[in-house]
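Chemist: For reference, the structure I am asking about is given below.
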Amino acid sequence: MSASASLAMTHLVPLAKELDEDKVTPGVLGFIVFAVMALAVWGLMKSMNRHMGRVDFEESAEPRSGAEDVAVADGGTTSAT
């Protein structure tokens, strides 16, 4: 653990001792972690929507059959072996 994380934990441990030993709560640290994760998800969703808005996809009018796909992938030549 880094020095700052260790120092933070030493300050948080006495706060936990003040609580009732029979009661388990997430506390302020749990709320902060949840809030940070929620903000991260919100930012990622906003970024994804912006990137999906830039996608320019045009669907072809008629779907090709499997034999035509092979011919296109083969360079336009078909071989009967």
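The values are calculated or read from the model by the stated rules, or taken from the named source; none is laboratory data. Fair warning: this is a prediction, and the values are worked out from it, not measured in the lab. As a convention, Cβ positions derive from the backbone with ideal geometry for all residues, glycine included, and neighbour counts pool all protein chains shown.
Chemist: On the basis of being modelled with pLDDT of 80 or more, β-branched (Val, Ile, Thr) and surrounded by fewer than 10 Cβ atoms within 10 Å (Cβ to Cβ), does residue 55 make the cut?
Modeler: Yes.
Chemist: Please state which of the following conditions residue 13 fails to meet, knowing it meets all the rest: (1) modelled with pLDDT of 80 or more; (2) of a type in the set (Val, Ile, Thr); (3) in a helix (DSSP H, G or I).
Modeler: Failed condition: (1).
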